[in-house]
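Okay, so here's the structure we're looking at.
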Amino acid sequence: MLFIALLALLCASASANAIQPRTSSYNGEYGGGGGERFSHSGNQMDGPITAIRIRVNRYYIVGLQVRYGKVWSDYVGGTQGDLEEIFLYPGESVIQVSGKYKYYLRKLVFVTDKGRYLPFGKDTGTSFNAAPLYPNTVLRFFSGRSGSLINAIGLHWDSYPSDCSSC
């Protein structure tokens, strides 16, 4: 009898775990080969994405830096070109990213849940469009490869952090 009760408890626990919704997904890597790998996976612990800096030249996305909560990530990429910066509104999140690439990243367009469309770079190359796989999830961090330019980019999606009232 104890064995049956223990087995029933174990089965109930397993089925409860099986019905928990998934939230994380990944798109990418978009771009060409080469470059050093980078990942902002640890930065997402500082909070949601609140600002993005993109360095662009006449042809490519040269560099990337992202603010998570109130903390800026390390800068990745090169130093040539113009630095552009956008700040998200409090509680605003990126829900779609599209762009273009050839051997390097050429264009990035961020779409937010507030209806803003934020483009960077040049409109040439192979197109991509990235969105989260699961509902009610947002862009949480970037990964990819970089050298003197951004070679490739990966986009990681998950739930908006619930414990970030000061972000």
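Those residues that are touching a strand residue (DSSP E or B) at 6+ places or on another chain (Cβ under 8 Å) and open to solvent by 80 Å² or more (accessible area, probe 1.4 Å), I need them from the stretch 104-126; list them, please.
Residues satisfying the conditions are TYR117, LYS122, ASP123.
Among the residues of the stretch 135-146, is there at least one that is crowded, with 18+ Cβ neighbours inside 10 Å, in contact with a helix residue (DSSP H, G or I) (Cβ under 8 Å, 6 or more places away or on another chain) and part of a strand (DSSP E or B)?
yes
Rundown of residues vs (1) open to solvent by 30 Å² or more (accessible area, probe 1.4 Å); (2) assigned to a loop (DSSP other than H, G, I, E, B); (3) in contact (Cβ under 8 Å) with a residue 12 or more places away in the chain, yes/no style:
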position	(1), (2), (3)
TYR26	yes, no, yes
TYR30	yes, no, yes
GLY34	yes, yes, yes
ARG37	yes, no, yes
GLN44	yes, no, yes
ALA51	no, no, yes
ARG58	yes, yes, yes
VAL62	no, no, yes
ARG67	yes, no, yes
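In the stretch 72-80, is there at least one residue being free of Cβ contacts under 8 Å to residues at least 40 places away in the same chain, part of a strand (DSSP E or B) and surrounded by 14 or more Cβ atoms within 10 Å (Cβ to Cβ)?
Yes, the conditions are met somewhere in the stretch 72-80.
The values are calculated or read from the model by the stated rules, or taken from the named source; none is laboratory data. For clarity, every value in this text was computed on a predicted model and none was experimentally measured. Every residue, glycine among them, receives a Cβ derived from its backbone with ideal geometry; neighbour counts consider all protein chains shown. With ligands, DNA and RNA removed, areas are computed over all heavy atoms of the protein, side chains included. Shrake-Rupley method; radii C 1.70, N 1.55, O 1.52, S 1.80 Å.
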